[in-house]
1. Amide H of A:ALA239: which non-local residues (sequence gap of 5 or more, or other chain) have their own amide H closer than 5 Å, using H built in the peptide plane?
2. Apply the a/c threshold of 1.5 to the C-alpha gyration tensor of region B:111-156 and tell me whether it is rounded, prolate or oblate.
3. With a Förster radius of 22 Å, plug the Cβ-Cβ distance of A:LEU6 and A:ALA63 into 1/(1 + (r/R0)^6) and report the FRET value to the nearest 0.05.
4. What distance in nm separates the two pseudo spin-label positions at A:ALA235 and B:ASP54, each 7 Å out from Cα along the beta-carbon direction?
5. What FRET efficiency comes out for B:GLU237 versus B:SER44 if R0 is 56 angstrom and r is the Cβ-Cβ distance? Round to the nearest 0.05.
6. Just the number, please: buried accessible area between B and A, total of both chains, 1.4 angstrom probe, nearest 100 square angstrom.
7. Could you derive backbone 3J(HN,Hα) for region B:87-97 from the dihedral phi with the Karplus parameters 6.51, -1.76 and 1.60 (θ = phi - 60°), listing whole Hz in sequence and x where the residue is Gly or Pro?
8. Please turn the phi angles of region A:33-41 into ³J(HN,Hα) values with the Karplus equation 6.51 cos²θ - 1.76 cosθ + 1.60 (θ = phi - 60°), one per residue in order, whole Hz, x for glycine and proline.
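The values are calculated or read from the model by the stated rules, or taken from the named source; none is laboratory data. Every value quoted in this text rests on a predicted model; they were computed, and no experiment measured them. Ideal geometry is used to build each Cβ from the backbone, glycine not excepted, and the neighbour counts take in all protein chains shown. Ligands, DNA and RNA are stripped out before the accessible areas are found, and what is left, the full protein with its side chains, is counted by its heavy atoms. Shrake-Rupley method; radii C 1.70, N 1.55, O 1.52, S 1.80 Å.
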Amino acid sequence: MNLLVLLTPLGLLAMAALAVPLLIHLFSRSRGRRVLVGNIALYRQARRQRVTEPRLVQWLLLALRLALLALAALLLAGLARQGLETLPGDTLYVTPDWAARAGDDGAFVTQAEESLAAADQAFWLAPGYPTFTDATLSPNASAGTDSWTGLAERLATVRHEGQVTVLAVGDAAAFAARAPALPREVRWLLSEPGPAAPLPSIEVTLVTTPQRHGDAAVIGAALQAAAHHRALDIAVRTATQDRWQAIPGGSTGQEPGHRIRALVWLADGDLPDAAAMDIVLGDSPRPGARRTPAVLPDYPGARFLAAPAAPGNGRVTWRDDAGAALLVRDANGDQRRYRYLDRLGVDPDGLAGQASFPDALLRLLLGETAWSAATAHAAADPSFAVARPGAAGALPHRPLAPWLALAMALLFGLERWLSERPRRGAAR
Amino acid sequence: MERFIDPRTLARVRDMPLVARTVADGFMHGIQPSHQRGVGIEFSQYRAYEPGDDPSRIDWKLYARSDRYFVREAERESEIAIWFVFDCSASMAQRSDQGAWSRFDYARHLLATLAYLAVGQGDLVGFLSLSSEERHFLPPGTGDRQWHRVLRELHRVQPGGRFPDTPQLESHMARLQVPGLVILVSDFHQSADEIHAFVRRVSTTHNEVAGLQLLCDDELAFPYDGPTRFEDLETGETVLVSGRAAREGYLAAQAAYQDRLVRSLGLLDVRLDTVNVDQPMDQAMYAFLERRRKRLDA
């Protein structure tokens, strides 16, 4: 079913112009051309049909003019047809890359079966879009095709009524880097198979003052939840400002690369020089400062890419929407030291109040290497479902402007012909 | 006689006598016999005395000067009077959309021409213009001066009102009923029966009436297509019709009207000649006079 949509519904206001010919028609009905004659009796006898034809033509002309204006209004309103065909229900797309890499991996088969069961229909994301029926993973399309372009084309031409899920290969960051806007929201199920890297563990020490116990609790809980999603070993400890150094180190016996110690400084004063820590993160709440709404977009968003260093002021890692620095990295040898220029913790208005902030924070604490290892488990993790919102108004559609213009031209020609006709006849 | 004067050209000439002469002379050329000469009032020429001539006609003063006998010749006075009756009702003002002149203007020039011809033949010419608003009467006379009097009358009249009812014309009727020819120039559009009544009254056994009906192209062809509002020149009544749909009805009504008119006038022994004012005037006149000549010969 091809539904018609209006891309600019406000353009329908132009329909008000319909009143103009209507009023003209009602208020100045043509009385006909005036001809002076000598013997009216002859004309009186001939007037049996005097009213019908002029009226009929007038009404026809009125209808034509109204239609003309209505078409113009629809043109302004951007009348368009929705996609060529419609797929009801949820749809699953499987990229050949995904199938090629899956091999006999049981986890992949399970994922495919689950996704297939959840969807109403499944297709290969390959030229022709053949139906994907079997989860035994026998790719009938060659791997290596550009799935993204295929998906964009598919979404632009077919109207999907339900959710669209894509089984694809790659890690989230890779997709984020090359992701153009798709015409609609898509749920990505990403997986990056490969050699199973040892999972890192992380040990977070939260140093807080009594006033900021709440913040520490929120941050700790968020980090634990985010890490558990990725089956990461996490230990969160909380200490007061004067006693944090007495806390004994975590368990030993793991290689340094797989154990990350993080100090989150929610206390007063400058960041301490904690040499034993891999990363030190502090915040500087600015209660009075005016806030620019910072949006943490769909994870992983481009805003988390490192920004160029600002001279003399450390390296700005995160920025908010207005371009102001949110996270600044201080240069200090191997140790990563960050200052978050807002409040970490209970902050409903700020970045930290957003749902995906824990992931971003965890990624920051882990570092990119450990994060990559952690995302290898993404396949089974529902939080890796990437849903990119579509560009506004870019629903799949075919614009009807040329057809509308053609119809208008035809109507205009007809209208001219009809309205000029009496004058031509009389001029004979 | 193949080439006639284009009505547009003629209409551009504002000089009525010139138009009349142009048309009449062109028309006369070759077909009109010379003037009959004889006893009369208007001097025409001298000729040498021949045996058999009345000696009383010898001009003795000329004999004194030239010592030869000459006889005065005068144009013979016509026995009949020609009355030009001009219908000046408002309906005469109708004209075609693309026409050169209105029925009224055409009629004026036609009358001027006919009067010129008549005067040239030495006929007695009288003139009567008729409308319910004003009437102009010119007693019969002969000669160029009479023609100029007719021209003056033609310049004075304006179309307006309706064709007058017969009772209004009683004072003129008696004068029209002398032996002669009455040429009625009109469109023969009447609201009741007034033209018929007039013709009936004028047409007597020793008096011939000829009708010249002037119609224009638009009346004959009905070239209207769209919605058209017709307004009567005399009554102001309007009728809104669709041109295309009404054409057939109009043409039928027009033909029926014409047929009725010809028959009713025929009963009165009045021959009706229809002239299209958008056609060349000399052509119409030639046809009119030719028909008259044939009728008189027959």
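1. A:LEU206, A:VAL207, A:THR208
2. On the way: a/c = 2.29, a/b = 2.03, b/c = 1.13.
Since a/c reaches 1.5 and a/b is larger than b/c, the shape of region B:111-156 is classed as prolate.
3. Numbers: r = 23 Å, r/R0 = 1.04.
Calculated value: 0.45.
4. For the pair A:ALA235/B:ASP54, the computed spacing is 16.9 nm.
5. Values: r = 55 Å, r/R0 = 0.97.
E between B:GLU237 and B:SER44, to the nearest 0.05, is 0.55.
6. On the way: alone 15700 and 23390 Å², together 35970 Å².
Counting both chains, the buried surface is close to 3100 Å².
7. With coefficients 6.51, -1.76 and 1.60, one gets 6, 9, 5, 4, 5, 5, 7, 5, 8, 6, 4 Hz.
8. 6, 8, 10, 8, 10, x, 9, 5, 4
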